[in-house]
Each structure stands twice: as structure tokens, then as C-alpha cells.
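Quick notes on the structure that follows.
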Amino acid sequence: MGNFQKTIEKEVEIEGIGLHTGEKTKLILKPAPPNTGIIFIRRDIEETEPIKADIDNLLDTNKFPRRTSIGNEKVQIHTIEHLLSALYAMEIDNIFIEIYGSECPGLDGSCFEFVEVIKKAGIKECNEPKDIFYLKEPIYISENNSHIIALPSKEFKISYTLDYPNTLINSQFASFIITPEIYEKEISPARTFCLKEEVDILRNMGLGKGSNYQNTLIIDKDKVLNNEFRFNDEPVRHKISDLIGDIALLGKTLIAHIIGIKSGHSINTKLIRKIKELIKKEKISGVGSPSYIPITGHQLEIEDIEKIIPHRYPFLLIDKIIELNENKAVGIKNVTINEWFFEGHFPGKPVMPGVLIIEAMAQVGGVLMLSKEENKGKLAYFMSVDRVKFRRTVRPGDQLLIEVEVVKLRSKVGQIQAKAYIDGKIATEALLMFTVVEP
Ligand code: ZN
């Protein structure tokens with residue numbers, strides 16, 4: 001997964017029949033600037049307004065069953081789950097979707113053609129970092145014998161168990177790490193399905209007017225009616241694609257292992273709401289353990305650090321870099337009683353000076369900026385320090401874990417969000433701006 005937000009390169013169109021309305025419908029997908037999110041705009045009605053694909057705009061699943069619908073009293077958009085699933089799995093963060101009709105086209109009942117149209121449009125990276133949330137604690141929802149569990153993980157992974165006794169499906173289990181490549185090949189071709197005995201019920205509810213044996217697998221006790229599976233376990237794979245569509249409503253990149261056991265849209269979206277609450281709580285309190293999980297990159301020892309930044313004892317304030325990626329670095333400083341500054345700050349009451357914590361953060365930021373190929377051998381100077389908060393004192397014996405992340409990066413100027421933690425609790429945070437100069 002790249003670290004920067006993505007949109008599509010050029011405008012593309014896709015049209016088809018809505019699975020539920022049976023009406024012809026068209027989408028125009030357009031590139032969108034950073035931090036836009038996924039925005040739908042109905043173009044077939046007079047009084048329209050943009051609707052963001054977000055859990056807060058989700059319409060009641062009891063009112064609009066068997067599909068994902070977003071909107072408000074005035075504007076509604078239905079059956080967006082397969083398009084959302086494809087956008088999310090293809091890592092598209094920002095896009096405008098103009099829709100001519102109330103429902104997304106059903107196409108072949110899978111997410112495959114949406115993946116194709118996204119690839120046809122081309123994928124473009126911008127220079128704003130992706131909004132990533134690493135789940136740090138397990139959470140779950142359990143209701144009427146169906147369950148959904150989210151666990152901390154280094155990757156975005158989905159496992160799903162499905163159970164339809166006395167049918168051709170029976171029990172199925174599948175588990176995938178979701179990358180665009182795996183999604184395209186293993187998940188996106190899996191089509192929607194329903195049991196034979198459900199067909200009349202759905203039709204009586206006024207649903208499924210656009211579905212047929214081709215775009216919906218009709219499952220009987222021992223066979224698929226008038227069709228064949230693309231995978232032996234096509235139904236469970238389709239359930240995974242639907243689940244990804246629900247996760248897209250979080251509006252952020254989620255790194256977690258999601259485990260669904262007979263879970264449907266209703267409890268899936270409850271889990272997403274719970275994760276959103278968790279994110280809000282972390283933001284407000286400013287505490288919570290660091291989002292550092294060493295996924296890629298490598299460690300730097302003190303000798304490596306000295307090759308990147310010019311600082312030396314007693315002014316080198318980092319011991320080790322434990323993660324270094326294009327966009328992020330995590331450094332460690334073990335604070336001991338022998339530090340030179342404790343002698344006078346303060347006699348008998350040793351406290352690490354706040355400005356030196358800022359300096360340590362700046363040095364981790366310096367490693368991040370100057371380790372880039374184009375900046376090798378240059379120097380990083382401070383331009384500004386903003387939004388500094390000292391939340392707790394740092395004392396001998398503490399280990400400072402310093403996490404810095406690129407907020408903005410132009411050719412010579414970088415803005416970096418820095419956070420220093422002790423025992424998983426935030427000690428200091430600041431927004432640092434640097435300029436990179438020739439020595
Ligand atoms: Zn589906």
C-alpha cells in the first residue's frame with residue numbers, strides 16, 4: 001500500500017441496469033482533489049446535493065433492505081456496495097461519482113467491472129498522505145448468532161465464514177489479505193447470490209427487478225439454477241466483497257483483521273460505527289498508544305543515524321530509528337539520569353527540558369527528510385514549530401518513542417507532525433516545518 005492518497009487519472013463512464021429497480025442507470029467517475037473522499041452526486045433529479053460515502057450518511061437498512069443506501073430525506077443513492085468495495089480495495093481515496101438514476105448499475109452481479117473501469121481511468125497518486133487508522137485493540141459485535149470481530153493486524157485482512165445448511169453452499173470459509181491484485185483476481189469476480197426460496201419473497205418486496213440468472217446466482221439444494229460458479233466458494237468470496245464495501249463507509253484506510261461469521265450488512269455497519277467512535281475518542285483525548293507498527297522499512301543504529309544527520313554528543317538526542325518509511329519515522333530515546341541536562345534542570349528534581357524533546361523530535365524528522373535520495377548530504381533547518389503541547393514530564397528511566405509523519409512535502413520544504421510517547425501515552429506533540437538546504 002502506498003502512503004499517499006489516490007484518485008483516478010481521467011473521467012470514465014459505466015452504465016447498466018439497477019439490480020433492484022430494473023432501470024437503466026449510468027455513472028460518471030471523475031478525479032477529485034486530496035481529502036475529498038468518495039462523493040456521490042445524483043444528476044437525474046433537480047434538487048440534488050453531494051452525498052459522501054460515509055457511515056454517517058447510511059440509510060436505515062430496515063427501510064432499504066438487501067443493499068447499501070446513503071443519503072438524506074431529499075437525495076438517496078442505492079446499491080452502492082459493489083462500487084464502494086472496488087474503490088476501497090483499489091485504494092482510491094478521492095473521487096466524484098455522478099449518477100443518473102437512483103441506483104448503481106448491477107452489471108454482472110460482481111465488483112469486477114467496477115475494477116475494470118477504475119483501471120481504465122488510471123490511478124493517480126497525489127502528495128497528501130493517506131488517512132490510515134491502525135486498530136489497536138480487538139472489538140466485536142455479536143447478534144443473533146452472527147458475529148463480526150476486528151483484531152489489530154499488520155495488514156488489511158478479511159476472513160469470513162458462511163453457513164447455509166441444506167443448500168449447495170453449506171459451510172464455506174475463506175481468508176485473504178486484501179491488496180488490489182488479490183482483490184481483482186480472487187474477490188472481484190464473485191457474484192451476488194440468493195437462495196431459491198428467497199426469490200419470491202424479494203420480488204414481493206419490490207426488489208430484484210433487474211436481477212436474472214446471469215447476474216444473481218440462484219442457489220438450490222444441489223445446484224445453481226441456469227448458471228455455474230466461477231469459484232467453488234463463490235458465495236463466501238462475494239460476502240467478503242460486500243464486507244469491504246461496508247468498511248469503505250469508514251472513510252479511512254483501515255489496517256486490521258476483520259473476521260465475519262455469518263455477518264451481514266447490519267452488524268458490519270455497527271462495527272464500522274464503533275471503529276469511528278474509537279477514532280473520535282483518540283482524537284479528542286490526544287492519548288492512546290502510538291500508531292506505530294513496524295510494517296516495512298528498517299532499523300537504524302546510532303552509526304547509521306550519524307551518517308544522515310550531523311548532530312553529535314551531547315546534542316544527538318536519538319538512540320535508534322526503529323521504523324523508516326517514505327512518509328514516517330519512529331525513533332527511540334532512552335532517557336537516563338546521566339544526561340548532561342539533568343545536572344541543572346533541575347538540581348534534585350530531574351525533568352527533561354521541553355525544548356530538548358522538541359529537538360529530539362526534530363532530529364527524527366531530520367532523519368526522515370535527509371534519508372531521501374534527493375536530500376542526501378544536505379542539512380535540514382527548522383522554519384517553524386506550531387501547536388506544541390507538553391502533556392507529561394519526561395524523567396530519568398523513561399523511554400521516549402518519537403513518531404514523525406509527513407503532513408506536506410514540497411521540494412525544499414517539509415511539514416511534519418511529531419508525537420512523543422512514554423509507555424504508550426502521549427508526552428509531547430508538535431507540528432514542525434523544515435527547509436532542506438545545501439551544506
Ligand atoms: Zn453484494
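Filter segment 214-232 down to the residues that are loosely packed, with under 12 Cβ neighbours inside 10 Å and over 33 Å from the mean Cα position of the chain (by Cα), then identify the one that is nearest to GLU184 (Cα to Cα).
GLU228
May I ask you to list pairs of residues, at least six apart or on different chains, whose Cβ atoms are under 7 Å apart, with the first in segment 84-112 being more than 18 Å from ALA248 (Cα to Cα) and away from the ligand (no atom under 16 Å from the Cβ) and the second being of a type in the set (Phe, Trp, Tyr) and assigned to a strand (DSSP E or B)?
Here the result reads ILE99/PHE40, each pair linking segment 84-112 to a residue that is of a type in the set (Phe, Trp, Tyr) and assigned to a strand (DSSP E or B).
Only one of GLU323, GLU339 is surrounded by 17 or more Cβ atoms within 10 Å (Cβ to Cβ), under 12 Å from LEU400 (Cβ atoms) and modelled with pLDDT under 90; which?
Just a single option satisfies the conditions, and that option is GLU339.
What tally of residues in segment 390-425 results from selecting those that are among the basic types (Lys, Arg), modelled with pLDDT under 90 and either buried (at least 18 other Cβ atoms within 10 Å of the Cβ) or part of a strand (DSSP E or B) (or both)?
Within segment 390-425, residues that are among the basic types (Lys, Arg), modelled with pLDDT under 90 and either buried (at least 18 other Cβ atoms within 10 Å of the Cβ) or part of a strand (DSSP E or B) (or both) number 2.
Output yes when any residue across segment 49-64 is part of a loop (DSSP other than H, G, I, E, B), in contact with a Cys (Cβ under 6 Å, 6 or more places away or on another chain) and either of a type in the set (Ser, Thr, Tyr) or within 16 Å of the ligand (Cβ to nearest atom) (or both), and no when none is.
There is no residue in segment 49-64 that is part of a loop (DSSP other than H, G, I, E, B), in contact with a Cys (Cβ under 6 Å, 6 or more places away or on another chain) and either of a type in the set (Ser, Thr, Tyr) or within 16 Å of the ligand (Cβ to nearest atom) (or both).
In this structure, does ILE305 turn out to be over 13 Å from ALA150 (Cβ atoms), among the hydrophobic types (A, V, I, L, M, F, W, C) and at pLDDT 80 or above?
yes
So which pairs qualify, if the first residue must be in segment 178-200 and modelled with pLDDT of 90 or more, the second must be in a loop (DSSP other than H, G, I, E, B) and basic (Lys, Arg), the Cβ gap must be under 8 Å, and the two must be at least 6 apart or on different chains?
PRO189/ARG230; ALA190/ARG230; ARG191/ARG230
Evaluate segment 113-135: report whether one residue or more is modelled with pLDDT of 95 or more, in the same structural domain as LEU254 (by TED's automatic domain parsing), within 14 Å of the ligand (Cβ to nearest atom) and not aliphatic (A, V, I, L, M).
Looking through segment 113-135, at least one residue is modelled with pLDDT of 95 or more, in the same structural domain as LEU254 (by TED's automatic domain parsing), within 14 Å of the ligand (Cβ to nearest atom) and not aliphatic (A, V, I, L, M).
The values are calculated or read from the model by the stated rules, or taken from the named source; none is laboratory data. Being a predicted model, the structure only gives us computed values, none of them experimental. When we count neighbours, we look across all protein chains shown, and the Cβ atoms used for this are built from the backbone with ideal geometry, even at glycine.
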